[in-house]
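The values are calculated or read from the model by the stated rules, or taken from the named source; none is laboratory data. Here the structure is a predicted model, which is why all the values come from computation and not from measurement. Cβ: placed from backbone, ideal geometry, glycine included. Neighbour counts: every protein chain shown.
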There are 2 protein chains.
Amino acid sequence: MNEFFNPKTVAVIGVSSSPDNLACNILANLIEFNFKGTVYEVGIRGGVCFGRKIYRSVTNISDHIDLAVILTPARTISGILRDCGKKGIKHVIIESAGFGEYGQEGQKLDKELLDIAKKYGIKFIGPNCIGAMNLHNGLALSFTAFKNVFRKGSVSIVTQSGGVGISYLNLLSSENIGLGKFASIGNKLNINENDILEYLIHDPETEIICLYLESISDGRRLMDIALRSSKPILLHKANIGREAMDIAQSHTASLSSDDAVVSAALKQAGIARFKDPETMLNYLKILPLAKVRGNQLAIISRSGGHAVIAADACGEAGFTLSEFDKSFIKEIEKHFRANVIRLTNPLDLGDLFDYKVYSKIIKRTIAQKNVHGVVFLHTYISSTEGELSRKLFAELEKISFKYKKPIAICVATDEEELYKLRQELSRPVFVSPSGAIHALALSRDFHHGRKRGRVVAHKYQVNKKAVRSVINACKTKGINPSIKESMDILEDYGIKVIQGSFVKTEKEAILVAKKIGYPVVMKVVCPSAIHKTEIGGVKLDIKDQGELVKNFQKMQFVMKKSFPKSGNRGVLIQPMMKDGVELIIGAKRDPNFGPTIMVGLGGIFVEVFKDTSLRIIPFSDDELNSMFPELKGYQILAGTRGQKGYDLNAAKNTVKRLCMLVTDFPEISEIDLNPFKILPKKGAGFCLDARIIL
Amino acid sequence: MNEFFNPKTVAVIGVSSSPDNLACNILANLIEFNFKGTVYEVGIRGGVCFGRKIYRSVTNISDHIDLAVILTPARTISGILRDCGKKGIKHVIIESAGFGEYGQEGQKLDKELLDIAKKYGIKFIGPNCIGAMNLHNGLALSFTAFKNVFRKGSVSIVTQSGGVGISYLNLLSSENIGLGKFASIGNKLNINENDILEYLIHDPETEIICLYLESISDGRRLMDIALRSSKPILLHKANIGREAMDIAQSHTASLSSDDAVVSAALKQAGIARFKDPETMLNYLKILPLAKVRGNQLAIISRSGGHAVIAADACGEAGFTLSEFDKSFIKEIEKHFRANVIRLTNPLDLGDLFDYKVYSKIIKRTIAQKNVHGVVFLHTYISSTEGELSRKLFAELEKISFKYKKPIAICVATDEEELYKLRQELSRPVFVSPSGAIHALALSRDFHHGRKRGRVVAHKYQVNKKAVRSVINACKTKGINPSIKESMDILEDYGIKVIQGSFVKTEKEAILVAKKIGYPVVMKVVCPSAIHKTEIGGVKLDIKDQGELVKNFQKMQFVMKKSFPKSGNRGVLIQPMMKDGVELIIGAKRDPNFGPTIMVGLGGIFVEVFKDTSLRIIPFSDDELNSMFPELKGYQILAGTRGQKGYDLNAAKNTVKRLCMLVTDFPEISEIDLNPFKILPKKGAGFCLDARIIL
């Protein structure tokens, strides 16, 4: 992979001496960025460009070529790639468009490229991209001509869209944030984001990685790489429109949309998702600062208004404001004119205009144990205070370094001064107080998230054999397990269920109900009745025999009407459980991230409020324990308005066993335990209804 | 008020020839901005500044003074203000700090100022502010020295914080958005935001108004002005921290926090609330464009990635993408190379590099009936395409003007080119696709909101006299109405209630329950039992006499324990209503916005999910009709999973009558109808429990 970013010899293929030749821009970029290696020009018509000979084919070059960049019409690429193979070139970037993204013909070309690459052991980036960059050696392969306005640095970018990549480059340049490597991966036909990521997390010149993706090539691998990365990874995952969500047809699917899975997975892997470039920039500004190792901030401001805005943002971002030591207040009191400033946090510097005192106050503040970071809000007029301010900022950087705590500097000043700050300071400043504080929250969460426990693949003593035989039988018949079979499967995996009794006739129903004791519950047992409730297939709280008989007949009618072909498969009678609270626990196989698990409060909480918590299997115990508390309705489980809370251990235990079940049986595409009832009693909880889809 | 912005003569008080004299900055600003009027300098020590004589007092000036600006120590202001009064100056800006914001002594000064102002008929802005500006006549009264880097325009700013005001000025200047007037209102001791707003909505030089407030002086008046304004008003209301929310102690209060009332009120008044300066800037860029008169956009992009990001944002902002006419597609097809672009919306311009065709395509798109706005996403390299692009943008402005539909131009280019665009274009461009689309949504909602119906103060035939007598009796005793009295009051206002029977003894309870028929409900009747549920004061679904007796005794015990002093006031027995869905309908008097009304789904939906909808009374029928649909749980009311929906007419009717009740009786500080039950049956609904707090 290193050859893509650090080639010693590069062949640019597609060059001609025509004035509108795009490949010439690649050459121009290599000159503009002062590329350290050797460049060869290749173009079928030969000639000269930038004073260098254009070879008619790579095979005519005698030197070894580390990396070839191709920008010729789509239909010519196969031949050129084959030439590259023959020449022994192992790394290629194909920038041309017109492949799989545009119809069937392009897809045929895709296959050809992959076959040739396989044959010759070529790895290639693209097609349909703007290539790679490496600021550290002057590699710059985009077919749009850039000016080298970039600061060398350690932020690396991987982007699926060339256009978005260019925006990111512009943003970094305008904030003068240092750029390391850049890769535009286009159609990801051969090399994908994970291949590049794997390289970048080990690249000593990269400290932060920014991604723009419209599709995730392999979610599991992405998570795996991110979990191994000690470097922050920021991702803009776009393409979340409805179209993508319409795949799902059954219950759980429509609840946990693809994008919810993506969000859960990214969070679980410690990848920071962002949606707008401002957020990305704020993250890029905060992450190189010292870590935020706690939840308490100090705000020091020259403007009361900005202090208020920052305090609001602290509330939103879950920060509290540190209390200042009495000794500290006494120490700084003398600097203020009497009775004009309340010395609290946020600290309004009011009419204090002494830059030396500012620095002193900030130093004393950051030294406080209960301060985990300082936000300095500095409103100033550049003409009179510009120099003083820039000196102060440099001083603050030293203080921050000494105390190993971040100082986020947020300025309100004119455009010209901002430009100067970007050029002169080694650390960029913020312009939005709330942006700075939300970025500090990211830093806090990122570094906190790194501490989360070991991922556990749960192993229990279970009856795998029994489950295998039920599933095989269903597979043979091409049907899904019935409710009874589903409940059996759960029991085989040690999950408590209330089975009830399966009856086929009215008489049986009467006998069973009497035995269980009224009130009882009646449910249709029919594999194709995916949503029993809608068709009237569930009747709760049946109080006596009269009601029982009436409902039995009704259900027979319903089943005949709804499923004329499946025959009478009877009903299930269970005891009515009034107490407890209903949960939904479900597992689903995501096409990209594999098995996932979801918990939520039963009924409308999931359906109407979409209040669910999702994880990708497997996960750590810390993740498991965080699932229920992140529900909006958690208060109901924890106890509200004088009501006792519920014991979640049975539910958590069930989640773990369900994880094992879906891991053991890849045939299971979906399981819903709905409802899973839990009680205030310790450890009590059982599944009342289940549905498994293969 | 006009004298604050268009004075012919200004006296600046507090000038001295000392080098660190801050009032000199005011003079410097007036020179820098080329103020058109006459300036007089005043300072107790006399002397000369900027070559002009410093008068020792305003009374020494022979000319009439329209506006005086004072920047002297707090303790000197009273005397100076008195001098202003004697001199006949009616308009004063006090910039000095050290008043009510800092302790008791300052509050004493406040009173003095107000007394003097009253005596002499003076109106003053401040204290604790940075004064006023008017770009159109060069008035610039800030005590911090500005460079005149501002474009003259029609955005006016009112800010409570000087520092935030300066940030806004910097932002406008850096985007080259035209500024009209500026007022920093500081402590708002005399003139407040509403006084300035009232002026600005009639000011021909102002088209958009931006506010920054930490407190709202008179919420009702603010709403009234906004509803009369044809100009968009944007507001950053900060200071939403917990401290402010702790005022509330009773149920409804803790649910609809002050900030929720503020948000509801602003929305109702058509004021756009924003929280960060980027949003403000995007709004300021979109509002001068043609109105967004519908919900369908077309996205035309040079980069596929930006098109995807824009499409995502359309989904978030509630826009749909217009379908392109077949004739249109046929027309543009010829410009594209075959098989390389799918001609859909979003339209990826792909390898089409012809600026004339761009303009043609956009013109043809905007002409389509089902397109209400166009977003043009333009990624370009300034060195080769800068001039072409700027020419195209100017062309697009004309097209937008012709078709009376907005074209939001969003660019991805380098910093230098952005600077040029800001200088050269009369309309600013966007840099964030999602920012542009959310701003278009604001424009859509603002212009749509303007159409909302007439505010109605509902009038019904009610028994006001009966309510007056109950309330008077309660007031005399210093207690709140009991549950029975509360229910009576509601009935007197034509709200359906299920009263039940009030019983004092076990025997009575047995008799009543038999008469009503089991199951029944039992509730304690005790004025101080604010939260009956917590103390066990509500028992639902009592099935037989045994349960009844047991619970009666339990409640006697509970009441004795919880309210030893209030004596046995018996229990209420009501029929148990199993069907229907429970709502909460509540009214509450906000200290600032006056009577408000809140609806939500009963129980945990309000308590745990905080799912409420709020309005300030009075409001239009359109507003009333929008209340329930804006609940997150609305689907429950509208019907879900095959269940029928509920009829909301009874609830709406109750809302209207409740509005009348709290308007008629200002003594009522809170009413809670909890639960108010509604049924699928048409028009059915009744209150089962109520609480009124005076």
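Could you list all residues from region A:276-295 that are of a type in the set (S, T, N, Q) and either closer than 20 Å to A:ALA367 by Cα or assigned to a loop (DSSP other than H, G, I, E, B) (or both)? Full working, then the answer.
Step one: list which residues in region A:276-295 are of a type in the set (S, T, N, Q), which gives A:279, A:282, A:295.
Matches in region A:276-295: A:ASN295 only.
For region A:127-177, what are the residues that are more than 14 Å from chain B (Cβ to nearest Cβ) and assigned to a loop (DSSP other than H, G, I, E, B)?
Of all residues in region A:127-177, those more than 14 Å from chain B (Cβ to nearest Cβ) come to A:131-139, A:141, A:152-156.
Across region A:127-177, the qualifying residues are A:GLY131, A:LEU135, A:HIS136, A:ASN137, A:GLY138, A:LEU141.
Please tell me if A:ALA298 is assigned to a helix (DSSP H, G or I) and touching a strand residue (DSSP E or B) at 6+ places or on another chain (Cβ under 6 Å). Write out each step before concluding.
Working: assigned to a helix (DSSP H, G or I): no; touching a strand residue (DSSP E or B) at 6+ places or on another chain (Cβ under 6 Å): yes.
Considered against the rule, which asks whether it is assigned to a helix (DSSP H, G or I) and touching a strand residue (DSSP E or B) at 6+ places or on another chain (Cβ under 6 Å), A:ALA298 comes out as no.
Is there a residue being closer than 21 Å to A:LYS147 by Cα, surrounded by fewer than 16 Cβ atoms within 10 Å (Cβ to Cβ) and without any contact (Cβ under 8 Å) to a residue 24 or more places away in the chain anywhere in region A:3-20?
Within region A:3-20, the subset closer than 21 Å to A:LYS147 by Cα is A:5-6, A:10, A:12, A:15, A:19-20.
In the following step, the residues that additionally are surrounded by fewer than 16 Cβ atoms within 10 Å (Cβ to Cβ) were identified as A:19-20.
Add one more test, that the residue is without any contact (Cβ under 8 Å) to a residue 24 or more places away in the chain, and what stays is A:19-20.
Yes, there is a match, as at least one residue in region A:3-20 is closer than 21 Å to A:LYS147 by Cα, surrounded by fewer than 16 Cβ atoms within 10 Å (Cβ to Cβ) and without any contact (Cβ under 8 Å) to a residue 24 or more places away in the chain.
Only one of these conditions is not met by A:GLY180: (1) small (Gly, Ala, Ser); (2) in contact (Cβ under 8 Å) with a residue 40 or more places away in the chain; (3) in a loop (DSSP other than H, G, I, E, B). Which number is it?
That leaves (3) as the condition not met.
Would you pick out the residues in region A:607-630 that are of a type in the set (S, T, N, Q) and farther than 15 Å from A:GLY586 by Cβ?
Filtering region A:607-630 for residues of a type in the set (S, T, N, Q) gives A:612-613, A:620, A:625-626.
Hits for region A:607-630 are A:SER620, A:ASN625, A:SER626.
Can you name the residue in region B:580-610 that is outside any strand (DSSP E or B) and buried (at least 23 other Cβ atoms within 10 Å of the Cβ) and is also nearest to the chain's Cα centre (by Cα) among such residues? Please lay out each step first, then the result.
Initially, region B:580-610 is screened for residues outside any strand (DSSP E or B), giving B:580, B:591-593, B:602-610.
If we keep only those that are buried (at least 23 other Cβ atoms within 10 Å of the Cβ) as well, we get B:593, B:605-606.
On the way: B:PHE593: 11, B:PHE605: 24, B:VAL606: 22 Å.
Step by step, filter region B:580-610, then rank; the result is B:PHE593.
In region A:98-126, what residues are under 28 Å from the mean Cα position of the chain (by Cα) and closer than 19 Å to A:PHE4 by Cβ? Outline the logic, then answer.
Within region A:98-126, the subset under 28 Å from the mean Cα position of the chain (by Cα) is A:100-101, A:123-126.
Residues satisfying the conditions are A:LYS123, A:PHE124, A:ILE125, A:GLY126.
When you scan region A:178-192, how many residues do you find that are away from every other protein chain (no Cβ under 14 Å) and either surrounded by fewer than 21 Cβ atoms within 10 Å (Cβ to Cβ) or not hydrophobic (A, V, I, L, M, F, W, C) (or both)?
5
Looking at A:PHE401 and the list (1) surrounded by fewer than 18 Cβ atoms within 10 Å (Cβ to Cβ); (2) under 31 Å from the mean Cα position of the chain (by Cα); (3) within 13 Å of another protein chain (Cβ to nearest Cβ), which single condition is not satisfied?
(3)
Please work out which one of (1) assigned to a helix (DSSP H, G or I); (2) modelled with pLDDT of 95 or more is the condition B:PHE124 fails and give its number.
The one condition B:PHE124 does not meet is (1).
Looking at region B:84-101 only, could you name the residues that are crowded, with 19+ Cβ neighbours inside 10 Å and either within 11 Å of chain A (Cβ to nearest Cβ) or not hydrophobic (A, V, I, L, M, F, W, C) (or both)?
Passing the criteria: B:GLY85, B:HIS91, B:GLU95, B:SER96, B:ALA97, B:GLY98, B:PHE99, B:GLY100, B:GLU101.
Within region A:293-308, restricting attention to residues that are more than 24 Å from A:PHE446 (Cα to Cα) and among the hydrophobic types (A, V, I, L, M, F, W, C), which residue is farthest from the other protein chains (Cβ to nearest Cβ)?
Of all residues in region A:293-308, those more than 24 Å from A:PHE446 (Cα to Cα) come to A:300-308.
Next cut, among the hydrophobic types (A, V, I, L, M, F, W, C) only: A:300, A:307-308.
Values: A:ILE300: 13, A:ALA307: 9, A:VAL308: 5 Å.
Per the criteria, the residue is A:ILE300.
Checking the structure you have, find out if any residue of region A:350-363 is in contact with a Ser or Thr (Cβ under 8 Å, 6 or more places away or on another chain) and outside any helix (DSSP H, G or I).
The answer is no, given that none of the residues of region A:350-363 is in contact with a Ser or Thr (Cβ under 8 Å, 6 or more places away or on another chain) and outside any helix (DSSP H, G or I).
Looking at (1) crowded, with 20+ Cβ neighbours inside 10 Å; (2) under 35 Å from the mean Cα position of the chain (by Cα), which one does A:ASP66 not meet, given that it meets all the others?
In the conditions (1) crowded, with 20+ Cβ neighbours inside 10 Å; (2) under 35 Å from the mean Cα position of the chain (by Cα), A:ASP66 misses (1) alone.
Looking at B:ASN25, B:ASN29, B:ASN34, which one is at positive phi and either in the same structural domain as B:ARG82 (by TED's automatic domain parsing) or out of contact with any strand residue (DSSP E or B) (no Cβ under 7 Å at 6 or more places or on another chain) (or both)?
Numbers: B:ASN25 fails: at positive phi; B:ASN29 fails: at positive phi.
Among B:ASN25, B:ASN29, B:ASN34, only B:ASN34 is at positive phi and either in the same structural domain as B:ARG82 (by TED's automatic domain parsing) or out of contact with any strand residue (DSSP E or B) (no Cβ under 7 Å at 6 or more places or on another chain) (or both).
Taking the options B:HIS447, B:HIS378, B:HIS458, name whichever one is away from chain A (no Cβ under 14 Å) and within 30 Å of A:ALA238 (Cβ to Cβ).
Values: B:HIS378 fails: away from chain A (no Cβ under 14 Å); B:HIS458 fails: within 30 Å of A:ALA238 (Cβ to Cβ).
Of the residues listed, the single one that is away from chain A (no Cβ under 14 Å) and within 30 Å of A:ALA238 (Cβ to Cβ) is B:HIS447.
Filter region A:190-235 for residues that are of a type in the set (Lys, Arg) and closer than 26 Å to A:LYS118 by Cα; which is modelled with the highest pLDDT? I'd like the intermediate steps shown before the answer.
Narrowing region A:190-235 to residues of a type in the set (Lys, Arg): A:220-221, A:228, A:231.
Now drop any that are not closer than 26 Å to A:LYS118 by Cα, which leaves A:220-221.
Numbers: A:ARG220: 91, A:ARG221: 94.
Here the residue is A:ARG221.
What pairs can you find where one residue is in region A:524-543 and within 11 Å of chain B (Cβ to nearest Cβ), the other is surrounded by fewer than 17 Cβ atoms within 10 Å (Cβ to Cβ) and modelled with pLDDT under 65, and their Cβ atoms are less than 7 Å apart, with a gap of 6+ or different chains?
Here the result reads A:THR533/B:ARG641; A:THR533/B:GLY642; A:GLU534/B:ARG641; A:GLU534/B:GLY642, each pair linking region A:524-543 to a residue that is surrounded by fewer than 17 Cβ atoms within 10 Å (Cβ to Cβ) and modelled with pLDDT under 65.
State which residue is farthest from B:ASP63 (Cα to Cα) when the search covers only region B:89-109 and only residues that are outside any helix (DSSP H, G or I) and of a type in the set (Gly, Ala, Ser).
Just the residues of region B:89-109 that are outside any helix (DSSP H, G or I), to begin with: B:89-102.
Adding the requirement that they be of a type in the set (Gly, Ala, Ser) leaves B:96-98, B:100.
Details: B:SER96: 25, B:ALA97: 29, B:GLY98: 31, B:GLY100: 33 Å.
The selected residue is B:GLY100.
Mind checking whether some residue in region B:104-124 is β-branched (Val, Ile, Thr) and more than 14 Å from every other protein chain (Cβ to nearest Cβ)?
First pass over region B:104-124, keeping only residues β-branched (Val, Ile, Thr): B:116, B:122.
Restricting the remaining residues to those that are more than 14 Å from every other protein chain (Cβ to nearest Cβ) gives B:116, B:122.
Within region B:104-124, one or more residues are β-branched (Val, Ile, Thr) and more than 14 Å from every other protein chain (Cβ to nearest Cβ).
Condition (residue is away from every other protein chain (no Cβ under 14 Å), part of a helix (DSSP H, G or I) and not charged (D, E, K, R)) applied to region A:415-423: is it met by at least one residue?
Filtering region A:415-423 for residues away from every other protein chain (no Cβ under 14 Å) gives none.
No, every residue in region A:415-423 fails to be away from every other protein chain (no Cβ under 14 Å), part of a helix (DSSP H, G or I) and not charged (D, E, K, R).
Without any contact (Cβ under 8 Å) to a residue 24 or more places away in the chain and within 14 Å of chain B (Cβ to nearest Cβ), is that true of A:VAL558?
On the way: without any contact (Cβ under 8 Å) to a residue 24 or more places away in the chain: no; within 14 Å of chain B (Cβ to nearest Cβ): yes.
When the stated conditions are applied, A:VAL558 does not pass them.
Looking only at strands (runs of 3 or more DSSP E) that lie completely in region B:1-69, which have at least 3 residues being out of contact with any Pro (no Cβ under 7 Å at 6 or more places or on another chain) and within 21 Å of B:ILE125 (Cβ to Cβ)? Spell out the reasoning first.
Numbers: elements: B:9-13, B:38-42, B:52-55.
Those strands (runs of 3 or more DSSP E) span B:9-13, B:38-42.
Please go through region B:624-647 and pick out each residue that is at pLDDT 90 or above and away from every other protein chain (no Cβ under 11 Å).
Across region B:624-647, the qualifying residues are B:LEU624, B:ASN625, B:SER626, B:MET627, B:PHE628, B:PRO629, B:GLU630.
Being among the hydroxyl-bearing types (Ser, Thr, Tyr) and under 30 Å from A:LYS147 (Cα atoms) narrows it down to one of B:SER389, B:SER400, so name that one.
Numbers: B:SER400 fails: under 30 Å from A:LYS147 (Cα atoms).
None of the other options fit; the residue is B:SER389.
Restricted to region A:206-219, and to residues that are over 22 Å from B:SER303 (Cβ atoms) and touching a helix residue (DSSP H, G or I) at 6+ places or on another chain (Cβ under 9 Å), which residue is nearest to the other protein chains (Cβ to nearest Cβ)?
Within region A:206-219, the first condition is being over 22 Å from B:SER303 (Cβ atoms), and the residues that meet it are A:206-208, A:218-219.
Restricting the remaining residues to those that are touching a helix residue (DSSP H, G or I) at 6+ places or on another chain (Cβ under 9 Å) gives A:206, A:208, A:218-219.
On the way: A:THR206: 22, A:ILE208: 20, A:ASP218: 20, A:GLY219: 19 Å.
Going through the qualifying residues, I end up with A:GLY219.
Among B:LYS360, B:LYS330, B:LYS275, which is under 19 Å from B:CYS410 (Cα atoms) and charged (D, E, K, R)?
Details: B:LYS330 fails: under 19 Å from B:CYS410 (Cα atoms); B:LYS275 fails: under 19 Å from B:CYS410 (Cα atoms).
Within the list B:LYS360, B:LYS330, B:LYS275, the selection yields B:LYS360.
Which of the residues belonging to region A:665-676 are surrounded by fewer than 24 Cβ atoms within 10 Å (Cβ to Cβ) and closer than 18 Å to A:PHE605 by Cβ?
Those that are surrounded by fewer than 24 Cβ atoms within 10 Å (Cβ to Cβ) and closer than 18 Å to A:PHE605 by Cβ: A:ASN674, A:PRO675.
Go through (1) small (Gly, Ala, Ser); (2) farther than 29 Å from A:ASN176 by Cα; (3) not in a loop (DSSP other than H, G, I, E, B) one by one and return the number of the condition B:GLY386 breaks.
Condition not satisfied by B:GLY386: (2).
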